[in-house]
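The values are calculated or read from the model by the stated rules, or taken from the named source; none is laboratory data. This structure is a prediction, so every number in the text was calculated from the model and none was measured. Using ideal geometry, Cβ is built from the backbone for each residue, glycine included, and neighbour counts are taken over all protein chains shown.
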Amino acid sequence: MLSIIQAAGWPIWPLIACSILGMALIFERFVALKTSRVAPPKLLDEAITVSSKSVPTPDVVNQLAQNSALGEVLATGLRTLNSNPQCSETDLRSAMEGAGRAVAHRLEKYLAALATIASAAPLLGLLGTVIGMIEIFGSQAGTGGVGQAMGGGNPGQLAHGISIALYNTAFGLIVAIPALIFWRYFRARVDAYLLTLELASEQFVRHILRLRKVK
């Protein structure tokens, strides 16, 4: 591996940095986007059951908010009702939508950076290719021009330039393809979570409005 890096020359170092950053982002997103941390399947039913007769105590609401992203949105609705029992449906929805936007922002964190890596890596590989070609022709400039570059001249410089060109092109694609795949995967996962949060929030709003009438 070290010999490949040495053969590829300095243009490969930005690609190595991109690969390390990309792997770190992918690992972080896998942890952050676990279902248990975003939208546990039974949390909505549990929240409705706990608040079926009255608004839970602040301690219970705080525990709900710390449970997951969905719990944070649901807890916002209960806190709004606690602070203002006569709040309008519009105020209740606005509070929960605000919490939902904050959660959505956290779910989408680093996805733009991963998409940038997927887009930039092939360009960095192309840059390395261009630099390699420049070295090929530049090293032969004093020995007969293009014809000498392809058929004679300095074989060592020629091989070095070709290795820079090919290794950087290949490494750029090796970095870009997984980054693109995981970006699309995480993007779809976040979209699915946002839909789940939206549907759960709508159901919980209706529950809170019924609870307020009971009170």
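Figure legend. Inter-residue proximity from the stretch 31-50: first residues free of Cβ contacts under 8 Å to residues at least 24 places away in the same chain, second residues part of a loop (DSSP other than H, G, I, E, B) and surrounded by 12 or more Cβ atoms within 10 Å (Cβ to Cβ), beta-carbon distance below 7 Å, spacing 6+ or different chains. Indicated pairs: VAL50/PRO56. Picking from residues in the stretch 66-103 that are closer than 23 Å to SER36 by Cα and of a type in the set (S, T, N, Q), the one that is surrounded by the fewest Cβ atoms within 10 Å (Cβ to Cβ) is GLN66. Evaluation of GLY152 against the conditions (1) loosely packed, with under 14 Cβ neighbours inside 10 Å; (2) modelled with pLDDT of 85 or more shows that the sole unmet condition is (2). Could you tell me whether SER94 is within 21 Å of the chain's Cα centre (by Cα) and either of a type outside the set (Ser, Thr, Tyr) or in a helix (DSSP H, G or I) (or both)? It is false that SER94 is within 21 Å of the chain's Cα centre (by Cα) and either of a type outside the set (Ser, Thr, Tyr) or in a helix (DSSP H, G or I) (or both). Looking across the stretch 46-62 at every residue that is of a type outside the set (S, T, N, Q) and surrounded by fewer than 11 Cβ atoms within 10 Å (Cβ to Cβ), the one that is nearest to ASN82 (Cα to Cα) is identified as ASP59. Restricting ARG206, ARG184, ARG212 to residues that are in contact with a Leu (Cβ under 8 Å, 6 or more places away or on another chain) and charged (D, E, K, R) narrows the list to ARG212.
Of the residues making up the stretch 175-207, those that are closer than 30 Å to LEU15 by Cα, of a type in the set (D, E, K, R) and either in contact (Cβ under 8 Å) with a residue 60 or more places away in the chain or buried (at least 20 other Cβ atoms within 10 Å of the Cβ) (or both) number 2.
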